[in-house]
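*Asks:* Just dropping this structure here.
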Amino acid sequence: MIVVDSNIIAARNLTSSLTSKAEQVERKDPVWIVPTLWRYEFQNILATAMKVRQITPEDAFEIWQRVVDVLAENESEPSPGKVLDLVARYGITSYDAQFIALAMEMGIPCVTEDRALRERFPGVAVSMDDFLPPLIPRTIRERRLPYRSRKT
């Protein structure tokens, strides 16, 4: 179980350079927890994609329905006191504080590509790369042949 921010949701559901990583994150942990704020942020992401003609309104609605069907049951609200405390202490937006507060209260990581959040909350906010297991380089080992001496 992880908290994901709206940009991770977008990366998973719209084609981008981060889509593959977001899919890997989902395979590693498919239970994504979100504050209800995600709905408004994701609708705005879809609206922007429509404005630049990346998707049609019909595509946007189809994507919206598919995503809300999955995430609606995983919505949870952080305490307003925690959100406001984070805003006051760290100078972050209340939007960002929603995701961080939820992760802190649940004791789970918040996966985000927001570098500033990761720097301010290193024990809570993690990048997709840090969340995913490191790639283990495969080494190829050739069978060692015995040395031969040259006949002279």
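Values quoted throughout were computed directly from the atomic coordinates according to the rules given, and no laboratory measurement underlies them. From a predicted model like this one, the values you see are computed outputs, not experimental measurements.
*Asks:* May I ask for log10 I(q)/I(0) of the chain at q = 0.11, 0.15, 0.17 Å⁻¹, from a Debye sum over the Cα atoms as equal point scatterers with solvent left out?
*Replies:* Values returned for q = 0.11, 0.15, 0.17 Å⁻¹ are -0.48, -0.80, -0.99.
*Asks:* How large is ³J(HN,Hα), in whole Hz, for each residue of the stretch 97-111 in order, when computed from phi with the Karplus curve 6.51 cos²θ - 1.76 cosθ + 1.60 and θ = phi - 60°, using x for Gly and Pro?
*Replies:* 4, 4, 6, 5, 4, 4, 5, 5, 5, 8, x, 10, x, 10, 8
*Asks:* Stick to Cα atoms and the Kirkwood definition of Rh, then tell me Rg/Rh for the stretch 31-103.
*Replies:* Values: Rg = 14.4 Å, Rh = 13.4 Å.
With Rh from the inverse mean 1/r over Cα pairs, Rg/Rh is 1.07.
*Asks:* Ok, one more. Over the chain, what is the mean sequence separation of C-alpha contacts under 8 Å (at least six apart), divided by residue count, expressed as relative contact order in percent?
*Replies:* Working: 165 pairs, mean separation 40.9, N = 152.
Computed value for the chain: 27 percent relative contact order.
*Asks:* Moving on to the next point. Tell me the volume per residue, in Å³, of the convex hull enclosing the alpha carbons of the stretch 1-75. Don't skip to the answer; put the middle values down first.
*Replies:* Working: hull volume 5.5 nm³, N = 75.
Convex hull of Cα atoms, per residue: 73 Å³.
*Asks:* Given the Cα atoms of the stretch 92-135, and with Rh set as the inverse mean 1/r over their pairs in the Kirkwood sense, what is Rg to Rh to two decimals? Walk me through the numbers before you get to the answer.
*Replies:* Working: Rg = 10.2 Å, Rh = 10.5 Å.
Using only Cα positions, Rg/Rh for the stretch 92-135 is 0.97.
*Asks:* Expressed as an acute angle from 0 to 90° and rounded to the nearest 10, what is the orientation of the C-alpha long axis of helix 19-28 relative to the principal long axis of the chain?
*Replies:* Approximately 90 degrees, to the nearest 10.
*Asks:* List every residue whose amide H lies under 5 Å from the amide H of ILE55, counting only residues 5 or more places away in sequence or on a different chain, with H placed 1.01 Å from N in the peptide plane.
*Replies:* Hits under the 5 Å cutoff: MET50.
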